[in-house]
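Contents: one structure, followed by commentary.
The values are calculated or read from the model by the stated rules, or taken from the named source; none is laboratory data. All values derive from a computational prediction rather than experimental measurement. Side chains are part of the model used for accessible areas, which takes the heavy atoms of the whole protein and leaves out ligands, DNA and RNA. Shrake-Rupley method; radii C 1.70, N 1.55, O 1.52, S 1.80 Å.
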Amino acid sequence: MRRSALCAGLLLGTLGLFAGCSAHKKEDPLLRLSAEESLVEGRRLYELKKYGQARPYFTHAFEVEPNSASGREALLLAADSLFLDGGEANFLQAEARYRDFQNRFPTSDRAAYVQLQIARSLVERMERPDRDQKVTRQAREAIEELLRTYPSSPEAERAQPDLARVLDHLAEHEHSVGSFYLRFGLALSAVPRFETVLRQYPDYSRMDQLLFELSTAQRKIKKVAEADQTLARLREEFPQSPWTRKAEKQKG
């Protein structure tokens, strides 16, 4: 009887020990931190570029005091940490957190910055020019919203290279479709694509090649006068381009 009682006592003690250890393991020291304490530690890790390690501290600070100054800063830093970590999944999550900040604090003095970062999160997720350009168009809309709402802000000026990149990407998409049509003998379909680039994207980075291909397509559909005008523009605007030299060789 004593032996049974002793065994039972040992078993209960052992179970209690395991239960205590389990409870200890589940206890997260982070949960004991105040919003400000968590923000301070998150900033320390962030400055060391340990963005993934910093993020739980920012998330905790925001969850503890979502409407305080510390909580607002933490939400924004959590978004920044995702953006700086990079990668499509992180850019997607960063955009979501920037939009969350924007919705919660629309009158914040960081509003222009947040709009810029929304745009940049989209820019970084643009598909290749030969694929669907839905995200590219969303990036353009986000940048144009920034320029319209905060035209005199430093962020509006900083967004100009991003806008140029987006516009060039959209132009490249139209160009690639036109080139595809031309390559497969569909010059009649290629011409409108090339003309769209001329009309909507005058600063396109591969304009010399596009002019050459447009003249080729125009000639194939018997628009000789238009083709000659296009070649004249190519020679005038890009005299040193290899596409100009190629056109001259073909003419010769």
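With a Cα cut-off of under 25 Å and a minimum spacing of 8 residues unless on different chains, the lysine pairs in the chain number 11.
The GNM of the chain, with springs linking C-alpha atoms under 10 angstrom apart, assigns the highest mean-square fluctuation among 199, 97, 235 to 199.
Geometric descriptor of segment 172-216, per residue, is 55 Å³ (volume of the convex hull of the Cα atoms).
Using the empirical formula 2.2 N^0.38 Å as the baseline, the Cα radius of gyration of the chain reaches a ratio of 1.65.
Every Cα-Cα pair of segment 111-169 was included, and the share exceeding 20 Å stands at 17 percent. Fully extending the segment from residue 104 to residue 165 would add 19.0 nm, taking 0.36 nm per residue of separation and subtracting the current Cα-Cα distance.
Filter the DSSP H helices in the chain by two things, a Kyte-Doolittle mean of at least -0.5 and an axial alpha-carbon span of 27 angstrom or more, and list the hits by number.
Values: long enough: 2-26 (36 Å, 0.56); 160-183 (34 Å, -0.46).
Those that clear 27 Å and a mean of -0.5 are 2-26, 160-183.
Taking only the C-alpha atoms of segment 65-119, Rg followed by Dmax gives 10.5, 30 Å.
So, for the chain, what is the accessible surface per residue at a probe of 1.4 Å, expressed in square angstrom? Please report the intermediate quantities before stating the final value.
Details: 15120 Å² over 252 residues.
Using a 1.4 Å probe on heavy atoms only, each residue of the chain averages 60 Å².
Hull volume per residue, based on the alpha-carbon atoms of segment 126-252 and their convex hull, is 118 Å³. Ratio of Rg to Rh for segment 55-191: 1.12 [Cα atoms; Kirkwood radius as inverse mean 1/r over pairs].
Using a 10 angstrom cutoff on alpha carbons, build the Gaussian network for the chain and name the most mobile of 149, 136, 59. Maximum among the listed residues: 149. How much of the accessible area of the chain, probe 1.4 Å, is carbon plus sulfur, in whole percent? For the chain, the apolar C and S fraction of the accessible surface comes to 53 percent. For q values of 0.19, 0.30, 0.33 Å⁻¹, compute log₁₀ I(q)/I(0) with the Debye formula on a Cα-only model of segment 209-252, without solvent. Log10 I(q)/I(0), no solvent term: -0.47, -1.10, -1.25.
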